[in-house]
């Protein structure tokens, strides 16, 4: 998988930033002509992950870029925070489980909405979630 | 923060979401709606989301709580105009919007509310309706 095309980065701190992340990701998804359904899935996943940062991580950053692999193009979004980290990842990915006031669909739901999902977390260090949605 | 306008249309309140809302605006909408339902005595709420490009778990949950809240205040909520891509995404996300009535467009949504209001009118006039009988303290339940 190689990076290509435009790279964008923005901080995530507030609810307003969650809206801006959605717009940023949608712009990239439209540029590589993801289908409307795939755009919607990716933007929704990005919204969940950005909100997770505001709710649990305190603040963080998202990086969005275009990637290619085997002739396909995809949008990769990487969400990184230096918050508390996740102690029990398996539990955090379980639908309906939440450590806060949420529905517990954010992380597991986001994983279902994208093609590639990778999470790197360590208690006390922070969490980085990377998602990719490929064109078909 | 954006504030979503609430319009009154006969016996119903109409909310048309036209912009990408941040979480605070969605919470404010819920509070504004509760106040307007009580102030106007509206029997129904229609939320038009035909311009909404994404509904994530937060917004979806808020629709469900608006529906539950309005029911407690004796009003029905209908969410209308959901885009197909939004519906597909919501289901895959794991959000079924249980307890939320939906209709394909505004006209069908208003028809649902009219139907509910008509049925409610008939029940109110029914002489056999238990609720209309005077309550005798200490009397055994029928």
Being over 13 Å from the mean Cα position of the chain (by Cα), under 20 Å from residue A:136 (Cβ atoms), at pLDDT below 95 and assigned to a strand (DSSP E or B) is the requirement here; does residue A:4 meet it? yes
Is there a residue in segment A:85-94 that is away from every other protein chain (no Cβ under 14 Å), at pLDDT 95 or above and in contact with a strand residue (DSSP E or B) (Cβ under 8 Å, 6 or more places away or on another chain)? no
Any residue in segment B:17-34 that is touching a residue at least 24 places away in the same chain (Cβ under 8 Å) and facing chain A (nearest Cβ under 10 Å) sitting within a Cβ distance under 9 Å of a residue that is surrounded by fewer than 16 Cβ atoms within 10 Å (Cβ to Cβ) and outside any loop (DSSP other than H, G, I, E, B)? List the pairs, counting only those 6 or more apart or interchain. B:20/A:23
Could you check, for segment A:29-42, whether at least one of its residues is in contact (Cβ under 8 Å) with a residue 40 or more places away in the chain, surrounded by fewer than 17 Cβ atoms within 10 Å (Cβ to Cβ), part of a strand (DSSP E or B) and more than 7 Å from chain B (Cβ to nearest Cβ)? no
Considering only residues that are buried (at least 22 other Cβ atoms within 10 Å of the Cβ) and within 14 Å of chain B (Cβ to nearest Cβ), look in segment A:52-73 and name the one that is farthest from residue B:52 (Cα to Cα). A:53
Can you tell which of B:72, B:91, B:27 is out of contact with any strand residue (DSSP E or B) (no Cβ under 7 Å at 6 or more places or on another chain), surrounded by fewer than 18 Cβ atoms within 10 Å (Cβ to Cβ) and farther than 21 Å from residue A:106 by Cβ? B:72
Among the residues listed as A:46, A:77, the single one being within 22 Å of residue B:89 (Cα to Cα), in contact with a strand residue (DSSP E or B) (Cβ under 6 Å, 6 or more places away or on another chain), part of a helix (DSSP H, G or I) and modelled with pLDDT of 95 or more: A:46
Please enumerate the residues belonging to segment B:65-98 that are part of a strand (DSSP E or B) and either at the interface with chain A (Cβ under 10 Å from one of its Cβ atoms) or out of contact with any helix residue (DSSP H, G or I) (no Cβ under 8 Å at 6 or more places or on another chain) (or both). none
Quick check on segment A:3-22. Is at least one of its residues free of Cβ contacts under 8 Å to residues at least 24 places away in the same chain, more than 9 Å from every other protein chain (Cβ to nearest Cβ) and out of contact with any strand residue (DSSP E or B) (no Cβ under 8 Å at 6 or more places or on another chain)? no
Got a sec? Which strands (runs of 3 or more DSSP E) wholly within segment B:1-57 have at least 3 residues that are under 13 Å from residue B:106 (Cβ atoms)? B:12-16, B:44-48
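The values are calculated or read from the model by the stated rules, or taken from the named source; none is laboratory data. Here the structure is a predicted model, which means the values were calculated and not measured. Glycine gets a Cβ as well: all are built from the backbone with ideal geometry, and neighbour counts include every protein chain shown.
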